[in-house]
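Here the structure is laid out as structure tokens; the discussion comes afterwards.
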Amino acid sequence: MIHARITGTGSFAPRKVITNHDLEKLIDTSDEWITERTGIKERRIAEKGQTTSDLAYEASRKALKAAGLAAQDIDLILVATMTPDMILPSMACVLQEKLGARKAAAFDIYAACSGFIYGMSVADAFIRSEMYKNVLLVGAEVLSRFTDWEDRGTCILFGDGAGAAVIQRHAGKRGILSTHLHSDGSLGDLIHVPAGGASHPASHDTIRKRMHFIKMKGNETFKAAVRSLEGVVQEALEHNKVKPEDIDYLVPHQANLRIIQAMAQRLNMPMEKVVLTLPKYGNTSAASIPMALDEAVRDGRIRENHLLLFEAFGGGLTWASALVRW
């Protein structure tokens with residue numbers, strides 16, 4: 001049986017840290033208020049001139065080294081991001097050039113916080129079809145450039161970072177067992193950036209109205225996230241005839257501690273079995289799952305044959321899950 005198996009992971013976060021106490025000096029908030037509502041204590045912020053592709057490059061180098069591959073061995077590069085360096089060319093092509101992966105096809109996946117799992121699904125399909133053998137999947141974001149630092153409801157949430165995974169063809173029972181993708185465009189206004197596209201190109205007016213920053217309806221988004229994630233997690237379990245107690249680790253999108261705790265509770269799973277990086281990185285969108293995965297792999301928590309459950313929810317709206325035998 002052919003599976004698409006993750007054979008190497010890597011991650012990278014900028015050095016600059018903004019703590020909740022730092023935010024207290026910028027807006028009307030407090031460390032206690034942020035921690036209670038989100039679980040976030042600090043977030044990493046890219047330096048001036050440091051781009052999304054720079055973060056992606058560093059994470060990719062680590063993943064390639066872990067997999068024992070050179071950039072020239074990669075057949076396909078997938079980059080999940082909603083904060084590319086520029087509209088054109090794609091982030092994946094920019095990363096291809098930086099890595100020197102001359103043989104690889106390259107394109108972006110635009111599914112917000114669910115982007116990495118969407119990318120897992122694409123990589124899985126290409127590998128199972130035998131079109132490609134070695135895929136580099138990256139989730140990378142510089143959300144700080146799209147964060148309104150005057151909006152106390154959103155600026156507390158987001159951070160910058162990148163995570164990467166090498167996914168290869170594998171004959172055996174280990175690898176991506178299934179992926180499950182969903183979306184609902186009718187709720188797109190819950191999380192969106194109004195300007196910068198063809199509907200509202202950049203202008204003095206869009207800049208004055210602060211339309212190039214992330215807008216979010218927090219309470220409605222929270223409710224939609226819990227409802228959607230519960231369904232897509234159950235879908236993954238039922239599809240694979242797996243019980244919650246069979247899961248070794250839950251690797252969730254790191255958006256909000258209360259959402260993560262709600263999912264763990266529904267699975268009757270202790271928080272010790274949840275990979276949690278939210279307190280120190282905040283919400284890094286498409287980068288959050290691969291960053292969390294890399295940390296748990298490198299510190300030895302995730303080991304051979306462990307059963308991993310991935311889940312994410314993001315703008316679009318999009319939500320997704322995946323089950324992986326490590």
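According to the calculation over all Cα-Cα pairs in the stretch 109-178, the P(r) per 10 Å bin from zero is 18, 39, 23, 14, 6, 0 %. When the P(r) of the chain is calculated, the portion above 30 Å amounts to 29% of the C-alpha pairs. Using R0 = 51 Å, the C-beta based FRET efficiency linking Ser30 and Ala70 works out to 0.55.
Can you pull the semi-axes for the stretch 85-141, root of five times each eigenvalue of the Cα gyration tensor, sorted largest first, whole Å?
On the way: eigenvalues 69, 52, 13 Å².
Square roots of five times the eigenvalues give 19, 16, 8 Å.
Peptides 114-124, 273-283 ranked from most to least packed give 114-124, 273-283, packing being the mean of other C-beta atoms within 10 angstrom over each peptide's residues.
Both the radius of gyration and Dmax for the stretch 161-206 are 19.2, 57 Å, in that order, over alpha-carbon atoms.
Note on the chain: with neighbouring protein chains present and a 1.4 Å probe, carbon and sulfur make up 51 percent of its accessible heavy-atom surface. If the Kirkwood radius is taken over C-alpha pairs of the stretch 1-152, then at 10 °C and 1.306 mPa s the Stokes-Einstein diffusion coefficient equals 94 µm²/s. Taking the charge dipole of the stretch 237-326 about its Cα centre, with +1 at Lys and Arg Cβ atoms and -1 at Asp and Glu Cβ atoms, the residue from Pro244, Tyr281, Leu317 reaching farthest to the positive side is Leu317.
Kirkwood analysis of the Cα pair distances in the stretch 146-187 returns a hydrodynamic radius of 15.3 Å. Under 18 Å of direct C-alpha separation, and excluding same-chain neighbours fewer than eight residues apart, Lys217 reaches these lysines: Lys209. Report note on the peptides 101-113, 167-179: ranked by the mean count of other C-beta atoms within 10 Å, highest first, their order is 101-113, 167-179.
Within a straight-line Cα-Cα reach of under 30 Å, Lys62 can be paired with the following lysines, leaving aside sequence neighbours fewer than 8 residues apart in one chain: Lys16, Lys41, Lys48, Lys98, Lys103, Lys133, Lys173, Lys273, Lys280. Bridgeable aspartates and glutamates around Lys215 (alpha carbons under 14 Å apart, same-chain partners fewer than 8 residues away excluded): Asp148, Glu150, Asp151, Asp189. Toward the positive end of the charge dipole of the chain, with +1 on the Cβ of Lys and Arg and -1 on the Cβ of Asp and Glu, the farthest Cα among Gly39, Ser183, Thr52 is that of Thr52. Computed per residue of the chain from DSSP H runs no shorter than four, each worth -39500 (n - 2.57), the mean residue ellipticity at 222 nm is -9500 deg cm²/dmol.
Return the Rg/Rh ratio of the stretch 38-88 with Cα-based radii and a Kirkwood Rh.
Checking Rg against Rh, the ratio lands at 1.05.
In angstrom, the C-alpha Rg and Dmax of the stretch 95-247 are 18.8, 57.
What does the charge add up to near Asn134, with Lys and Arg as +1, Asp and Glu as -1, over the other residues with Cβ less than 9 Å from its Cβ?
Details: positive: Lys133, Arg169; negative: Asp73, Asp75.
Net charge around Asn134: 0.
The values are calculated or read from the model by the stated rules, or taken from the named source; none is laboratory data. Note that this is a predicted model, so its numbers are computed, not measured. Glycine also receives a Cβ, built like all others from the backbone with ideal geometry; neighbour counts cover every protein chain displayed. Ligands, DNA and RNA are excluded from the accessible area calculation, which covers all protein heavy atoms including side chains. Shrake-Rupley method; radii C 1.70, N 1.55, O 1.52, S 1.80 Å.
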